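The values are calculated or read from the model by the stated rules, or taken from the named source; none is laboratory data. Given the structure is predicted, the values throughout are model-derived calculations rather than measurements. Virtual Cβ from ideal backbone geometry, glycine too; neighbours counted across all protein chains shown. Ligands, DNA and RNA are stripped out before the accessible areas are found, and what is left, the full protein with its side chains, is counted by its heavy atoms. Shrake-Rupley method; radii C 1.70, N 1.55, O 1.52, S 1.80 Å.
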Amino acid sequence: FDGRSKFSTWLFRIAVNRSIQQARRVKFKRNLVALDEMVEEPSEAPQQTIEEPAIREAMEQLSPGDRAILTLFYWDELSLQEIGASIDCSPNAAKTRLFRARERFKTHYEEALKRHEDSA
């Protein structure tokens with residue numbers, strides 16, 4: 001940590017890198033273990049739950065990168081500069097990725113809404 005960005009941005013980058021490393025290790029394994037089985041002790045960090053089923057369903061259908069950038073921007077309220085630093089890209093690239101993630105979310109959300117309305 002060199003102080004050029006917020007501590008949370010630096011910490012998030014570490015978490016992203018570890019997640020990528022773990023995903024690469026698990027990618028080639030045939031016997032996958034559920035994430036909740038891998039964790040020995042439950043995290044004391046508050047869990048973010050999404051109440052509306054259509055939003056939850058739409059977020060689940062997104063790629064991990066899209067979910068991450070939407071979460072960083074809307075739930076964690078990071079600026080585009082902070083997001084860019086945490087995902088190792090420029091603020092303009094982060095803005096473009098956020099725009100594209102919003103578009104994909106919108107598509108999935110509208111489909112989920114329609115399914116929930118049809119089932120009601």
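One residue alone among S43, S90 is under 29 Å from R4 (Cβ atoms), at pLDDT below 90 and more than 17 Å from the chain's Cα centre (by Cα), and that residue is S43.
Annotation note: Cβ proximity below 7 Å between a residue of the stretch 58-74 that is in contact (Cβ under 8 Å) with a residue 40 or more places away in the chain and a residue that is open to solvent by less than 20 Å² (accessible area, probe 1.4 Å) and among the hydroxyl-bearing types (S, T, Y) (sequence gap 6+ or interchain) occurs for L72/S86. Taking the criterion of being open to solvent by 20 Å² or more (accessible area, probe 1.4 Å), among the acidic types (D, E) and either in contact with an Asp or Glu (Cβ under 8 Å, 6 or more places away or on another chain) or within 18 Å of A15 (Cβ to Cβ) (or both), the residues of the stretch 56-77 that qualify are D76, E77. When C89 is tested against (1) outside any loop (DSSP other than H, G, I, E, B); (2) open to solvent by less than 50 Å² (accessible area, probe 1.4 Å), only condition (1) is not met.
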